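Some notes on the structure that comes next.
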């Protein structure tokens, strides 16, 4: 299984995290996460991923104790990446 992760800076305090997981050349999972620097660590603000076989969005709160999960009513990862 291949796993690629990289970051794209948006500003001095904000970045995007990308992760793509492949199996035999097929994408089986993905993550695109917006992160912001709080103190000395980056914290997630919103994440789009394909875990559980379908795309969804997770939004983090400032306290980390609350999380909103919104499922996208769309095609799954395997269908979206089929050639």
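The values are calculated or read from the model by the stated rules, or taken from the named source; none is laboratory data. Predicted model, so just to flag it, every value in this text is computed and none were measured. A quick note on method: Cβ atoms are made from the backbone with ideal geometry, for glycine too, and the neighbour counts reach across all protein chains shown.
Assorted remarks:
- Hey, residue 35 over 12 Å from the mean Cα position of the chain (by Cα), modelled with pLDDT of 85 or more and under 21 Å from residue 6 (Cβ atoms) or not: no
- Summed over segment 1-36, the residues that are out of contact with any strand residue (DSSP E or B) (no Cβ under 7 Å at 6 or more places or on another chain) and either in a helix (DSSP H, G or I) or without any contact (Cβ under 8 Å) to a residue 40 or more places away in the chain (or both) give a count of 5.
- Residues of segment 5-15 satisfying the condition of being surrounded by 10 or more Cβ atoms within 10 Å (Cβ to Cβ) and within 13 Å of residue 30 (Cα to Cα): 5
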